[in-house]
Amino acid sequence: MVSEKEIWQLLEQVSDPEIPVLSVIDLGVVRGVILEKGMCKIIITPTYSGCPAMKTIEEDIILKLKENNINHVKVDLVLSPAWTTDWLSENGRDKLREYGIAPPENEIDKSVLFADPPKVPCPQCGSKNTRMVSLFGSTACKSQYQCNDCLEPFDYFKCLK
Amino acid sequence: MSSLFEYTLRLGDDSLILGHRLSEWCGHGPVLEEDIAMTNIALDLVGQATSLLNYAGEVEGKERDGDSLAFLRFDREYKNLLLVEQPNGDFAITMVRQFLFDAYRKPLFERMQNSKDTMLASIAEKSLKETRYHLKHSSEWVIRMGDGTEESNRRAQEAVNTLWRYTSELFIIDELESKMADQGISPNLMEIEDDWKKTVDAVFKEATLTIPKNNWKQSGGRNGMHSEHLGYILTELQYMQRAYPNMKW
Ligand SMILES: [Zn+2]
């Protein structure tokens with residue numbers, strides 16, 4: 001009989017389809033593993049309501065467990081408590097940076113209009129002289145930035161709280 | 001038809017139809033960043049619609065899921081606000097429409113987090129985080145346009161004049177709304193209206209925009225009586241399921 005710990009270890013090998021450098025564990029979307037009556041139930045939560053990766057994540061989890069002879073798997077999606085970027089693991093933040101995506105900085109108050117966007121260091125050269133190009137980026141969870149020193153455009157994994 | 005089912009449809013249809021409207025900008029945005037912003041917001045709204053309509057289907061208990069509710073109802077069965085089905089027009093119309101809606105959705109979700117219906121509460125908790133970004137974005141555009149050039153001000157003011165008649169419908173407390181409020185399921189619309197007015201006044205003031213004097217008000221969407229525009233939306237939205245019933249990919 002497989003243990004809960006082994007399941008968590010296997011889930012480390014399931015990557016986020018949009019940011020493959022992150023596992024679903026790094027991303028913080030796996031909320032629980034329940035083993036009962038020969039069934040394995042995995043509870044996941046979406047990053048954003050419309051995140052198109054959730055269906056793929058569900059299928060990838062089932063596939064990964066099946067490869068390891070765990071066949072009776074059910075994936076449940078829950079919305080509450082709602083995911084926040086605080087659930088990204090430390091490990092995940094390092095991996096993002098190495099991959100060229102700046103990890104989330106501290107929250108900016110969204111009720112303040114035209115507030116200065118968060119200061120985000122360039123993941124390429126480390127310079128703090130960067131600017132936000134657009135609050136919305138290539139996926140729901142990112143903003144678009146550019147470094148004023150090395151001129152590289154980069155993604156910023158924006159804060160969600 | 002159960003009240004909770006119909007109430008959830010109202011919320012879900014608002015998200016679905018506005019999400020569809022915004023998605024029409026895909027590939028047509030005035031600048032690339034804005035194209036991406038509008039489609040991102042569309043995606044959030046369609047995601048909310050998925051949660052809401054799936055739940056509506058569960059509440060109804062007739063084996064309809066979110067997809068069948070989204071794709072296989074007739075126009076009179078959609079319960080969205082007239083505001084969200086209005087055509088995109090120019091960018092000013094789109095952003096003013098978005099702002100008027102976001103300024104209503106944010107206080108609605110804030111309060112709905114305490115709903116006695118735990119599923120609606122959790123959908124609200126999730127959606128609120130996204131809605132805060134949407135409201136910031138649309139507010140800033142309304143201010144930029146209103147307080148911008150002569151031309152952008154003219155267009156923003158015309159957008160306000162065109163859309164204002166659809167705003168009273170946001171706060172109509174009909175039998176269903178008051179029943180849901182009495183049961184602690186939906187928040188009190190009067191409180192939401194107060195919040196909405198504060199946001200609108202503050203943003204319009206900074207944008208140098210004025211609320212039109214003409215008091216003509218239009219409503220009906222909540223009861224399935226729509227403007228002529230909804231039919232065109234549904235023709236496109238439902239095309240695949242109507243042409244190839246039960247198709248999946
Ligand atoms: Zn740089």
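The values are calculated or read from the model by the stated rules, or taken from the named source; none is laboratory data. Note that the structure is a prediction, hence the values are computed from the model and not measured. With ideal geometry, Cβ positions are generated from the backbone for all residues, glycine too; neighbour counts draw on all protein chains shown. To get the accessible areas, we keep the full protein, side chains included, count just its heavy atoms, and leave off ligands, DNA and RNA. Shrake-Rupley method; radii C 1.70, N 1.55, O 1.52, S 1.80 Å.
Is one or more of the residues making up segment B:81-89 open to solvent by 10 Å² or more (accessible area, probe 1.4 Å) and assigned to a helix (DSSP H, G or I)?
Within segment B:81-89, none of the residues are open to solvent by 10 Å² or more (accessible area, probe 1.4 Å) and assigned to a helix (DSSP H, G or I).
Say whether the condition of being farther than 24 Å from B:ARG21 by Cβ, open to solvent by 60 Å² or more (accessible area, probe 1.4 Å), charged (D, E, K, R) and not in a helix (DSSP H, G or I) is met by at least one residue in segment B:190-202.
Checked segment B:190-202: no residue is farther than 24 Å from B:ARG21 by Cβ, open to solvent by 60 Å² or more (accessible area, probe 1.4 Å), charged (D, E, K, R) and not in a helix (DSSP H, G or I).
Just checking, which of A:PRO121, A:PRO117, A:PRO81, A:PRO52 is more than 13 Å from chain B (Cβ to nearest Cβ) and either closer than 29 Å to B:GLN113 by Cα or in contact with a Lys or Arg (Cβ under 7 Å, 6 or more places away or on another chain) (or both)?
After ruling out the rest, the residue left standing is A:PRO121.
Determine, yes or no, whether B:GLU24 is more than 14 Å from every other protein chain (Cβ to nearest Cβ), within 30 Å of A:VAL133 (Cβ to Cβ) and open to solvent by 10 Å² or more (accessible area, probe 1.4 Å).
yes
What do you reckon, is A:LEU88 more than 24 Å from A:GLU152 (Cα to Cα), open to solvent by less than 90 Å² (accessible area, probe 1.4 Å), in contact with a helix residue (DSSP H, G or I) (Cβ under 7 Å, 6 or more places away or on another chain) and assigned by TED's automatic domain parsing to the domain that holds A:MET39?
For A:LEU88, the condition - more than 24 Å from A:GLU152 (Cα to Cα), open to solvent by less than 90 Å² (accessible area, probe 1.4 Å), in contact with a helix residue (DSSP H, G or I) (Cβ under 7 Å, 6 or more places away or on another chain) and assigned by TED's automatic domain parsing to the domain that holds A:MET39 - is not met.
Within segment B:49-70, does at least one residue satisfy the condition of being under 30 Å from B:MET145 (Cβ atoms) and without any contact (Cβ under 8 Å) to a residue 60 or more places away in the chain?
yes
Of all residues in segment B:108-129, which are closer than 23 Å to B:GLY57 by Cα, basic (Lys, Arg) and facing another protein chain (nearest Cβ under 7 Å)?
Residue satisfying the conditions is B:LYS126 alone.
Kindly list, by first and then second residue, each pair from a residue in segment A:134-161 that is within 8 Å of chain B (Cβ to nearest Cβ) to a residue that is open to solvent by less than 10 Å² (accessible area, probe 1.4 Å) and assigned to a loop (DSSP other than H, G, I, E, B), limited to pairs with Cβ atoms under 6 Å and residues at least 6 apart or on different chains.
What qualifies is A:ALA140/A:TYR48; A:GLN144/A:GLY137.
Being more than 16 Å from the ligand (Cβ to nearest atom) and among the hydrophobic types (A, V, I, L, M, F, W, C) is the filter here; which residues of segment A:134-154 pass it?
Scanning segment A:134-154 gives A:LEU135, A:PHE136, A:ALA140, A:CYS141.
Where residues in segment A:113-156 are among the small types (Gly, Ala, Ser) and not in a loop (DSSP other than H, G, I, E, B), which of them is farthest from B:VAL31 (Cα to Cα)?
For segment A:113-156, the residue satisfying everything is A:SER143.
Kindly evaluate B:TRP249 against the criterion of being within 25 Å of B:ILE143 (Cβ to Cβ) and either surrounded by 14 or more Cβ atoms within 10 Å (Cβ to Cβ) or hydrophobic (A, V, I, L, M, F, W, C) (or both).
no
Kindly indicate whether any position in segment A:135-149 is among the basic types (Lys, Arg) and buried (at least 16 other Cβ atoms within 10 Å of the Cβ).
Yes, segment A:135-149 has at least one match.
Any residue in segment A:33-42 that is within 14 Å of chain B (Cβ to nearest Cβ) and part of a loop (DSSP other than H, G, I, E, B)?
Among the residues of segment A:33-42, not one is within 14 Å of chain B (Cβ to nearest Cβ) and part of a loop (DSSP other than H, G, I, E, B), which makes the answer no.
Which condition number does A:ASP86 fail, the rest of (1) part of a helix (DSSP H, G or I); (2) more than 16 Å from the ligand (Cβ to nearest atom); (3) away from chain B (no Cβ under 13 Å) being met?
Result: A:ASP86 passes all but (3).
Hey, can you tell me all the residues within segment B:221-239 that are part of a loop (DSSP other than H, G, I, E, B) and either among the small types (Gly, Ala, Ser) or touching a residue at least 24 places away in the same chain (Cβ under 8 Å) (or both)?
Selection gives B:GLY224, B:MET225, B:HIS226, B:SER227.
Checking the conditions here, which among B:ARG132, B:ARG155 is open to solvent by 30 Å² or more (accessible area, probe 1.4 Å) and within 12 Å of chain A (Cβ to nearest Cβ)?
Going through B:ARG132, B:ARG155 in turn, the sole match is B:ARG132.
Can you run down the residue pairs with Cβ atoms below 6 Å, 6 or more apart or on separate chains, where the first is in segment B:106-126 and without any contact (Cβ under 8 Å) to a residue 12 or more places away in the chain and the partner is crowded, with 18+ Cβ neighbours inside 10 Å?
From segment B:106-126, the pairs are B:ALA121/B:GLN113; B:ALA121/B:SER115; B:SER122/A:LEU79.
Of all residues being aliphatic (A, V, I, L, M) and in contact (Cβ under 8 Å) with a residue 12 or more places away in the chain in segment A:90-133, which is farthest from the ligand (Cβ to nearest atom)? Just the residue, please.
A:ILE108
For segment A:74-82, check the following and say yes or no: at least one residue is open to solvent by less than 30 Å² (accessible area, probe 1.4 Å), β-branched (Val, Ile, Thr), away from the ligand (no atom under 16 Å from the Cβ) and part of a strand (DSSP E or B).
Yes, because at least one residue in segment A:74-82 is open to solvent by less than 30 Å² (accessible area, probe 1.4 Å), β-branched (Val, Ile, Thr), away from the ligand (no atom under 16 Å from the Cβ) and part of a strand (DSSP E or B).
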